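Here the structure is laid out as structure tokens; the discussion comes afterwards.
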Amino acid sequence: MEIYLVDGTYELFRAHFGYPSRKTKQGKEVGALKGYINHLQSLRKKYEYIGVAFDSKVESFRNEIYNEYKSSKNIDKEILDQFPLAEKVTELLGLTLLPMDHYEADDAIASVCELFKNENVEIIIGSLDKDLMQCLNVKNISMYSTRYKSFTTGDDVYKKFGVHPHQIPDFLALVGDSSDGIPGMNGIGEKTASALLQEYENIENIYQNLNIWKNNIRSGERHANTIFENYELLKLFKSLTTLRLDVKVPKKIEKYSLSKLSSDELQKFSAKYQLNINF
């Protein structure tokens, strides 16, 4: 049995930048919506169990604890206006929608993975988001890139970054994640971060052993001072990059099975927004 978990927000953005602009006669932009629907239709042909996580709004609890965290203020209104339409059509297509308000789509996906990681279920996460790599801590969970048509496993994470999936929050706290507005520790790059995490496992142990490793790595004194002076911020970054595993999502695998298409409603939806899609 396979369940495919879609990062709906990511897919809508991907369609926005990958599909040509399309406007209704009233001037409403729907190009991303059309691309998003095409993608979901292709998934329906391949998988019987699908969950689509979506940021009902971009802001989450993370914005409450860090003002510089990603927000909607710099996002094109044309794509923001397509968010509710994407959520609506997801349900019309008979897919299980996981709408997030206080949390993020990544938190919903991580919570589903936590629920089924010990079950006889292959879990495929449709995303390229580095945050979600922390979910690849068991063999039955992988990520799939629709862009590159390739899978990523926990072993691949280690080969690429030199850290294990469970260390991704620590890794991103150190090196930063520009897509989420997290700057990381100034001057600490991926090689330094992975070397420290290989030796000390997490940022807490790295901090506890500053006086040992600062003499053993290149620019160690400078890096140690950076971490010492910014340790509270570093811990905050780790809390931001750590996905929640307890958000409210359906707990039974059957809840993710495909439902019947709402064909009449879909045709009305397509006509209203002049999408020219046959369902």
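Over the range 86-141, calculate the relative contact order: mean separation of alpha carbon pairs under 8 Å at least 6 apart, over the residue count, as a percent. Walk me through the numbers before you get to the answer.
Values: 30 pairs, mean separation 15.2, N = 56.
For the range 86-141, the relative contact order is 27 percent.
Nearest-5 percent of antiparallel DSSP beta bridges in the chain?
Numbers: 6 of 24 bridges.
Once the DSSP bridges in the chain are tallied, antiparallel ones form about 25 percent.
Using only the alpha carbon atoms of the chain, find the Kirkwood hydrodynamic radius as the inverse mean reciprocal pair distance, in angstroms to one decimal.
Roughly 20.1 Å, rounded to one decimal.
Could you state the number of Å between the C-alpha centres of the range 61-107 and the range 1-41?
The two parts, judged by their Cα centres, are 13 Å apart.
Can you pull a Stokes-Einstein diffusion coefficient for the range 162-279 at 4 °C (1.567 mPa s), Rh from Kirkwood over Cα pairs, as a whole number of µm²/s?
Details: Rh = 17.5 Å.
Taking Rh from Cα pairs, D becomes 74 µm²/s.
Note down the Stokes-Einstein diffusion coefficient of the range 1-122 in µm²/s, whole number, using a Kirkwood radius over alpha carbon pairs, 25 °C, and 0.890 mPa s. It would help to have the intermediate numbers written out before the result.
On the way: Rh = 15.3 Å.
Rounded, D is 161 µm²/s.
Let me spell out the model: positive unit charges on the Cβ of Lys and Arg, negative unit charges on the Cβ of Asp and Glu, origin at the Cα centre of the chain. What dipole size does that give, in debye rounded to 20? Walk me through the intermediate numbers first.
Numbers: 36 positive and 39 negative charges, 213 e Å.
It comes to approximately 1020 debye.
If you keep only loop residues by DSSP, which trypsin sites (Lys or Arg not before Pro) in the range 223-253 have at most 13 other Cβ atoms within 10 Å of their Cβ?
Values: sites: Lys235, Lys238, Arg244, Lys248, Lys251, Lys252; in loops: Arg244, Lys248, Lys251, Lys252.
Here the sparse-neighbourhood loop sites are Lys248, Lys251, Lys252.
Can you sort Ser127, Ser60, Ser42, Ser257 so the residue with the fewest Cβ neighbours within 10 Å comes first?
Working: Ser127 27, Ser60 23, Ser42 11, Ser257 15.
Fewest to most other Cβ atoms nearby, the residues stand as Ser42, Ser257, Ser60, Ser127.
Amide H neighbours of Asp177 under 5 Å, at least 5 residues apart or on other chains, H built in the peptide plane: list them.
Ile182, Gly184
Suppose a student asked you for the relative contact order of the range 129-279, using Cα pairs under 8 Å spaced at least 6 residues apart; what percent would you report?
Numbers: 144 pairs, mean separation 26.8, N = 151.
Rounded, it is 18 percent for the range 129-279.
Work from the charge dipole of the range 8-50 (Cβ charges, +1 for Lys and Arg, -1 for Asp and Glu, about the Cα centre) and give the residue of Gly8, Gln41, Gly27 farthest towards its positive end.
Gly27
Note down the magnitude of the dipole of the range 212-279 about its Cα centre, charges +1 on Lys and Arg C-beta and -1 on Asp and Glu C-beta and zero elsewhere, to the nearest 20 debye. Don't skip to the answer; put the middle values down first.
Details: 13 positive and 7 negative charges, 32 e Å.
Here the range 212-279 has a charge dipole of around 160 debye.
Report the gain in length on full extension from Ala271 to Tyr148: 0.36 nm times residue separation, minus Cα-Cα distance, nm rounded to one decimal. Walk me through the intermediate numbers first.
Numbers: separation 123, 0.36 × 123 = 44.28 nm, distance 3.23 nm.
Separation in residues times 0.36 nm, less the Cα-Cα distance, equals 41.1 nm.
Would you please name the trypsin sites (Lys or Arg not before Pro) within the range 134-210 that are DSSP coil residues with at most 11 other C-beta atoms within 10 Å of their C-beta?
Values: sites: Lys139, Arg147, Lys149, Lys159, Lys160, Lys191; in loops: Lys139, Arg147, Lys149.
Answer by residue number: Lys139, Arg147, Lys149.
Fewest to most neighbouring Cβ within 10 Å: what's the order for Glu78, Glu11? Intermediate results must be reported in sequence, preceding the final value.
Working: Glu78 15, Glu11 24.
Lowest count first: Glu78, Glu11.
Sum -39500 (n - 2.57) across every DSSP H segment of at least 4 residues in the chain, then divide by the residue count to get the 222 nm mean residue ellipticity, nearest 500.
So the calculated ellipticity at 222 nm is -12500 deg cm²/dmol.
Taking amide H positions as placed in the peptide plane 1.01 Å from N, state which residues far from Thr96 in sequence (5 or more) or on other chains have amide H under 5 Å from it.
Ile50, Val52
Can you find, among His223, Gly176, Pro165, the residue sitting farthest towards the positive end of the charge dipole of the range 164-240, where Lys and Arg contribute +1 and Asp and Glu -1 at Cβ?
His223
Could you list, bin by bin from short to long, the percent of Cα-Cα pairs of the range 55-154 in 5 Å steps?
2, 11, 17, 20, 21, 17, 8, 2, 0
Hand me the chymotrypsin sites (Phe, Trp or Tyr not before Pro) from the range 114-214 located in a DSSP loop with no more than 12 other Cβ atoms within 10 Å, in residue order please. Mind dumping the intermediate values first?
On the way: sites: Phe116, Tyr144, Tyr148, Phe151, Tyr158, Phe161, Phe171, Tyr200, Tyr207, Trp213; in loops: Tyr148.
Here the chymotrypsin sites (Phe, Trp or Tyr not before Pro) that fit, given the DSSP loop and packing criteria, are Tyr148.
List the residues whose amide H sits under 5 Å from the amide H of Lys23, counting only those 5 or more places along or on another chain, with H placed 1.01 Å from N in the peptide plane.
Those lying under 5 Å, H to H, from Lys23 are Val30.
Compute the distance from the alpha-carbon center of the range 115-190 to that of the range 207-279, in whole Å.
So the separation of the two Cα centres works out to 9 Å.
Laboratory data are not the source of any read-out in this text; all were calculated from the coordinates shown. No experiment lies behind these values; they were computed from the predicted model shown. Cβ: placed from backbone, ideal geometry, glycine included. Neighbour counts: every protein chain shown.
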